[in-house]
Amino acid sequence: MKNNYLELYTDYLISNSGLATATGLSAMMNNTISHDKVTRFLNSEEFDSKQLWLEAKKTIRHIESEDGYLIFDDTIQEKVWTDKN
């Protein structure tokens, strides 16, 4: 069940374009999962980059190829209404 919550919450974060909350996930699931269960799951351990890699590794290894690249771009687009980025 633990992996189900992790996968569900990960999908929620990817698909959500606004503020991500346990209550928001619960509402999106028509309250079939309580926000308290989500909160307890997230507080059950510290999620770090190692755990993220272990979660993503199988998928990445499945689609990797010699002529492919995985690029992470963390640049910030300048906006006229912000003082400083």
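The values are calculated or read from the model by the stated rules, or taken from the named source; none is laboratory data. This structure is a prediction, so every number in the text was calculated from the model and none was measured. Neighbour counts run over all protein chains shown; Cβ positions are idealised from the backbone, glycine included. Just so you know, the surface numbers come from the protein's heavy atoms only, side chains and all, with ligands and any DNA or RNA stripped out. Shrake-Rupley method; radii C 1.70, N 1.55, O 1.52, S 1.80 Å.
Applying the condition of being under 14 Å from the mean Cα position of the chain (by Cα) and among the polar types (S, T, N, Q) to region 37-53 and asking which residue is surrounded by the most Cβ atoms within 10 Å (Cβ to Cβ) yields 51.
You will find that of 13, 70, the residue that is open to solvent by 100 Å² or more (accessible area, probe 1.4 Å) and not basic (Lys, Arg) is 70 and no other. None of 22, 27, 56 is open to solvent by less than 70 Å² (accessible area, probe 1.4 Å) and modelled with pLDDT under 85 except 56.
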